[in-house]
Structure formats: C-alpha cells, structure tokens
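Below is one structure, written out as structure tokens; the observations come after it.
The values are calculated or read from the model by the stated rules, or taken from the named source; none is laboratory data. Since we're looking at a predicted model, the values are computed, not measured. All Cβ positions, glycine included, derive from the backbone under ideal geometry; neighbour counts span all protein chains shown. Protein only, heavy atoms only, side chains kept; ligands, DNA and RNA dropped before computing areas. Shrake-Rupley method; radii C 1.70, N 1.55, O 1.52, S 1.80 Å.
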Amino acid sequence: MKVVILQPSYIPWRGYFDQIFTADLFVFYDDVQYDKRGWRNRNRIKTSAGPLWLTIPVFNRGAQTEHIPINQIKIVWDRPWNQEHWNSIRMAYSKAPYYQKYAGLVEGMYSTKPEMLADFTIETTILLARTIGIDRTRFMRSSEIEGVEGIKTDRLLSILAKVGATEYYSGPSASDYIESEKFDNAGIKLHYMKYDYLEYPQLYPPFDPQVSILDTMFMMGEEALKTIRR
C-alpha cells in the first residue's frame with residue numbers, strides 16, 4: 001500500500017495534490033509541531049499585481065506557538081478574513097475560463113467558521129481533491145492513530161507500520177533528513193516525488209508554478225488533474 005504522510009496546508013499547490021493522487025492512503029500529519037513560517041495557514045494566488053499571500057490569522061503566543069501541535073492551533077475570528085480571502089480570489093479569477101464552474105464551491109468553503117485551523121485546512125483539501133477527480137485515495141489524521149512512537153524518521157516508520165504501508169512517498173526536500181536505511185530495514189520502499197510539471201495557461205504571465213491549486217482549477221477545469229501527471 002502506498003502511503004503519504006504530510007502536514008495539513010491551506011489551499012495547497014498542485015504538488016501536494018500529486019502526492020494525494022499517488023497515495024492509496026494519505027495521512028494528514030496533524031499532531032506534529034506547528035511551523036509558524038510554513039504553509040499551514042497561508043498560500044498564494046496569482047493576481048494582476050503579482051502573487052498575493054492569503055493568510056489565515058491564528059492565535060499567536062509568541063515563541064510558544066511553535067511548540068504547539070498543528071491540530072491545537074486555533075483560528076482568530078476578530079475580523080472576517082474568510083470573506084476577505086474569498087473576495088481576493090473572486091477578483092483574481094473572475095475572468096478565468098472555469099471560474100463559474102467552481103466559484104460556488106470555493107465560496108462555500110469560506111462560509112464556515114471552524115475553531116481549529118487543521119479542521120478547516122483538512123476538510124477543504126479533501127473537498128478540493130475530490131473536486132479535481134481524486135476519488136480513490138483514503139484519508140486519515142495521524143492524531144487518530146494510537147500507539148505511535150519515536151521522533152523524526154522513527155515516528156514516520158511507526159505510523160507506516162500501524163497503517164500497513166509497503167511504500168512511502170515523500171517530497172524531494174525530505175531527502176536531507178530522512179534516514180533511508182531505516183526504511184530498508186523496515187522493508188518499506190522509499191520514493192521521492194519529482195515536481196517536473198508542465199506549464200498551463202495563466203491569466204497574468206509569466207507563469208508562476210508556486211501558487212494554490214485554485215489557480216489550476218480556475219484555469220484548467222476538468223483538465224486540472226492532468227497538469228500534475230507527467
């Protein structure tokens with residue numbers, strides 16, 4: 001069984017969905033340390049003025065925030081950031097070929113007010129994955145798996161053993177710290193993804209590959225999934 005273990009992210013880019021597509025089981029790694037400057041609560045869309053960051057405000061406890069698990073991070077609702085994000089997306093993509101096809105779905109994503117960041121990002125990621133045609137991958141959260149032990153590579157292997165994995169797919173940057181010999185010893189094949197995707201038309205050239213999957217959906221429609229297959 002092919003497994004991917006990855007931290008939940010906010011409206012991720014197409015490489016994240018490539019990993020979902022590749023996996024038989026995709027595990028949201030939601031009980032590890034929150035990284036304040038990562039992709040957990042922010043991502044980018046493409047606008048006529050260039051890339052625009054959309055950031056979900058979360059409770060900031062200074063340095064302590066980075067010692068809290070992702071699934072314990074709360075969203076701040078002292079302003080309507082959800083409507084602000086939707087308005088930015090609407091303005092950026094209202095002229096996109098498939099805007100009308102997905103506008104209602106995306107607007108609906110921003111009509112809820114969840115308390116926890118991980119609940120929002122996980123639920124919207126699954127919704128977007130199903131929308132672009134990824135229908136066979138199963139999902140679960142690492143926090144749901146009992147008896148996980150160890151840190152770093154050992155913790156990954158503990159999760160993989162619990163779910164019965166035979167193959168593990170990781171992003172290429174993880175090769176700097178994953179102890180590959182431990183995968184060999186555990187009898188689990190280790191693969192690294194290659195993000196060598198083709199370009200697709202965007203509203204505002206030049207092409208920017210590092211934007212949210214929303215860009216791919218609004219521009220490519222039902223062909224969005226094909227842009228992540230090599």
- Do we have Thr121 as at pLDDT 95 or above and either under 17 Å from Ser9 (Cβ atoms) or surrounded by fewer than 18 Cβ atoms within 10 Å (Cβ to Cβ) (or both) here? yes
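Kindly provide the set of residues from region 20-37 that are open to solvent by less than 10 Å² (accessible area, probe 1.4 Å) and out of contact with any Pro (no Cβ under 8 Å at 6 or more places or on another chain), ordered by number.
Answer for region 20-37, where residues must be open to solvent by less than 10 Å² (accessible area, probe 1.4 Å) and out of contact with any Pro (no Cβ under 8 Å at 6 or more places or on another chain): Ile20, Ala23, Leu25, Phe26, Val27.
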- Note on the structure: Of (1) open to solvent by 20 Å² or more (accessible area, probe 1.4 Å); (2) of a type in the set (A, V, I, L, M, F, W, C); (3) modelled with pLDDT of 95 or more, Ile188 fails just (1)
- Criterion: farther than 20 Å from Arg40 by Cα and not hydroxyl-bearing (Ser, Thr, Tyr) - qualifying residue of Glu144, Glu222: Glu222
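Criterion first (within 21 Å of Ile5 (Cα to Cα), open to solvent by 20 Å² or more (accessible area, probe 1.4 Å) and modelled with pLDDT under 95) does Ile151 satisfy it? Please lay out each step first, then the result.
Details: within 21 Å of Ile5 (Cα to Cα): yes; open to solvent by 20 Å² or more (accessible area, probe 1.4 Å): yes; modelled with pLDDT under 95: yes.
So Ile151 fits the description; yes.
Is there a residue in region 5-18 that is touching an Asp or Glu at 6+ places or on another chain (Cβ under 9 Å) and open to solvent by less than 20 Å² (accessible area, probe 1.4 Å)? Please lay out each step first, then the result.
Within region 5-18, the subset touching an Asp or Glu at 6+ places or on another chain (Cβ under 9 Å) is 7-8, 13-14.
After this cut, where a residue has to be open to solvent by less than 20 Å² (accessible area, probe 1.4 Å) as well, the list is 8, 14.
Yes.
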- Message: Just to be sure I understand the filter: pairs with C-beta atoms under 9 Å, separated by 6 or more residues or on different chains, first member in region 29-46 and at pLDDT 95 or above, second member in a loop (DSSP other than H, G, I, E, B) and of a type in the set (Gly, Ala, Ser). Which pairs pass?
- Response: Trp39/Ser9; Arg40/Ser9; Asn41/Ser9; Arg42/Ser9; Asn43/Ser9
- Message: Given the condition within 15 Å of Ser143 (Cα to Cα) and of a type in the set (Ser, Thr, Tyr), answer yes or no: does some residue in region 3-15 qualify?
- Response: no
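Scan region 124-138 for residues that are buried (at least 16 other Cβ atoms within 10 Å of the Cβ) and more than 25 Å from Asn82 (Cα to Cα) and report the count. Let's see the steps before the verdict.
Residues of region 124-138 that are buried (at least 16 other Cβ atoms within 10 Å of the Cβ), as a first pass: 124-126, 128-129, 131-132, 134, 137.
Cutting the leftovers down to more than 25 Å from Asn82 (Cα to Cα) gives us 134, 137.
Number of matching residues: 2.
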